[in-house]
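Okay, structure first, notes after.
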Amino acid sequence: MTYKYDFDTLVNKDNCGSFKQAFKEKKLIPDEVVPFVGAELEFKTSPYIIESLKNKVLSGVYSYTKDDEQYRDSVKWWMKNVRKWHIDKEWICPSLGILKSLSTCINAFTEEDDGVIIQPPVFGAYKKIITRAKRKVFINKLKYNDGRYSIDFIDLENIMSKTQVKLMVVCNPQNPIAKTWSKENLEKICELAYKNDVVIYSDEILADMTSSDIHTTALASVKHGENVGIIGTSLSKAFNFSGAIHSNIIIPNKILREKYLSQRDKDYYDGMSCFMYSAVISAYNSDSLNWLKEMNKYLDENAQLIYDFFEKNIPEIRVCERNSGFLLWIDWSAWELTEQELHDFLEKAHFYVEEGSYYGNDYCKFTRMVIAMPRRYILQALNRLLTLLKKED
Ligand SMILES: Cc1ncc(COP(=O)(O)O)c(C=O)c1O
């Protein structure tokens, strides 16, 4: 397909404090190689956002900023048109990042030694944050079958019924498996949470990056979801704002919202970055939506290329099913290598991917691969992998 927007030019991350650049320097990775780590885009964000931020910079006005009608209208418009979720403007709670807001929820809704549920394989930072806050992690491991994941509802019901459990973190779409949970799944989770008085923090940071025919259902939009759900949304992933530490936490239930805000405002004065004010307004409109739709197609094509490569050349390795996001979760267990051996081998081909063990104890034979980059870097890496395989055969 031909594209109106440019996804084929690699961004330059020199001298800007980039985590990824530091990773490259530490590992002595050649300039022309792009590692598949660090969940961010390797091409520029929507040109409409760049234009708006340029104007903001040129204005010379960076004064104290707060969400207003225009800001809230933009968020409401996006939720209605992209997420198919009708929200009230007062449900929007501008906050620092998604993880900071998880901390806020932990402090607002749980006490020391209370339990918080997570569903591995899942973003490793959740466990760190929960344990650092001296709360107990309860594991509701996803069921795995031949490249596909599903929720173990019997186990979840059992865990939810424990009185110690007060909070659950849902990741939708789930990092690292790139799966958007169905409405039916979300309804079941919310029903159990409602019955057992458990609050749900639904991290929907990846929600806008879906394959073209689907959208990510907001957890608070399903039955009972309004009573239990706290929804984390952000420009971070789809629009490449991971360095901006900003989110919009959306909470329909008044009691939950007031508790959240009261905790948020204990260590934060209820303002926001003036740059994120401009960024949100220029992202959440039909122009940037057109850019996003194209980007999602580009990601689908990148993913398909990788599925085809593995199927043709290394069929014993399973690239797990994906319906969203910019991640691929790959099961290398057929090779029977330790995690170290696996990465030593892949790195010989300059094929750098995230270690599976970050997402839970049982995943050292898996890796996570970020695919939001100009396609030629993916092709080059796959070719290097194939060449190495042939050489070592
Ligand atoms: C699922 C998920 N949630 C949250 C974050 C971090 O969000 P923030 O930087 O807003 O805290 C990430 C970053 O990779 C992520 O993958």
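Here are the numbers:
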quantity	calculated
Of all residues making up the range 93-127, the number that are within 12 Å of the ligand (Cβ to nearest atom), surrounded by fewer than 21 Cβ atoms within 10 Å (Cβ to Cβ) and in a loop (DSSP other than H, G, I, E, B)	3
Residue selected from the range 339-360 under the condition in contact (Cβ under 8 Å) with a residue 12 or more places away in the chain and more than 29 Å from Asn296 (Cβ to Cβ), by the criterion nearest to the chain's Cα centre (by Cα)	Ser357
Single match in Lys348, Lys293 (criterion: at pLDDT 95 or above and within 30 Å of Lys84 (Cα to Cα))	Lys293
Checklist (1) touching a Cys at 6+ places or on another chain (Cβ under 6 Å); (2) over 20 Å from Met272 (Cβ atoms) applied to Tyr62, failing item	(2)
So Leu385, is it over 26 Å from the mean Cα position of the chain (by Cα), crowded, with 16+ Cβ neighbours inside 10 Å and outside any loop (DSSP other than H, G, I, E, B)	yes
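The values are calculated or read from the model by the stated rules, or taken from the named source; none is laboratory data. Remember, predicted model here, so these are calculated numbers, not experimental data. Counting neighbours? That spans all protein chains shown, and the Cβs are built from the backbone with ideal geometry, glycine included.
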